[in-house]
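Worksheet: one structure, shown below.
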Ligand SMILES: [Zn+2]
């Protein structure tokens, strides 16, 4: 499962950060997920909570923040959020190139 691999990556990052900071418990993991990252939030949460059992992140909250898809028109330079995956510029009909929306990263950690 795609989300399981992502959850493993997130846990690795969290545990590594905790180790560096000498933390003994991870309380919360803040994640940033682009609308186009192709991640199903409920599935990711399920995998994460299954993986953390027996680690210092057991019981940690997974806080998900979604970032919108933003694109810039290659012709007129208009920057805007993209609705319904429409990558045609509403102003000039030019093709828009993706600026953000595919990101998937750990934004912050709360540790003790
Ligand atoms: Zn345009």
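The values are calculated or read from the model by the stated rules, or taken from the named source; none is laboratory data. Because the structure is predicted, anything quoted here is derived from the model rather than measured. No Cβ is skipped: glycine too gets one built from the backbone with ideal geometry, and neighbour counts run over all protein chains shown.
Hey, residue 13 hits all of (1) out of contact with any strand residue (DSSP E or B) (no Cβ under 6 Å at 6 or more places or on another chain); (2) surrounded by 13 or more Cβ atoms within 10 Å (Cβ to Cβ); (3) over 19 Å from residue 101 (Cβ atoms) but one; which does it fall short on? All conditions are met except number (1). At least 1 residues being more than 16 Å from the ligand (Cβ to nearest atom) is the threshold, and among the strands (runs of 3 or more DSSP E) wholly inside the stretch 4-112 those reaching it are 26-34, 61-67, 96-100, 104-111.
In the stretch 53-60, the condition of being at pLDDT 95 or above and more than 16 Å from residue 112 (Cα to Cα) is met by at least one residue.
Each residue in the stretch 51-60 was checked for being within 20 Å of the chain's Cα centre (by Cα) and touching a residue at least 40 places away in the same chain (Cβ under 8 Å), and 4 of them qualify. Look at residue 109 and say whether it is under 17 Å from the mean Cα position of the chain (by Cα) and closer than 12 Å to residue 36 by Cα. Against the criterion (under 17 Å from the mean Cα position of the chain (by Cα) and closer than 12 Å to residue 36 by Cα), residue 109 does not qualify.
On the stretch given as the stretch 80-96, residues that are closer than 16 Å to residue 35 by Cβ and in contact with a strand residue (DSSP E or B) (Cβ under 8 Å, 6 or more places away or on another chain) total 5.
Residue 3 meets each of the listed conditions (1) modelled with pLDDT under 95; (2) surrounded by fewer than 17 Cβ atoms within 10 Å (Cβ to Cβ) apart from (2). In summary, residue 66 fulfils each of the numbered conditions (1) at pLDDT 95 or above; (2) under 15 Å from residue 29 (Cα atoms) with the single exception of condition (1).
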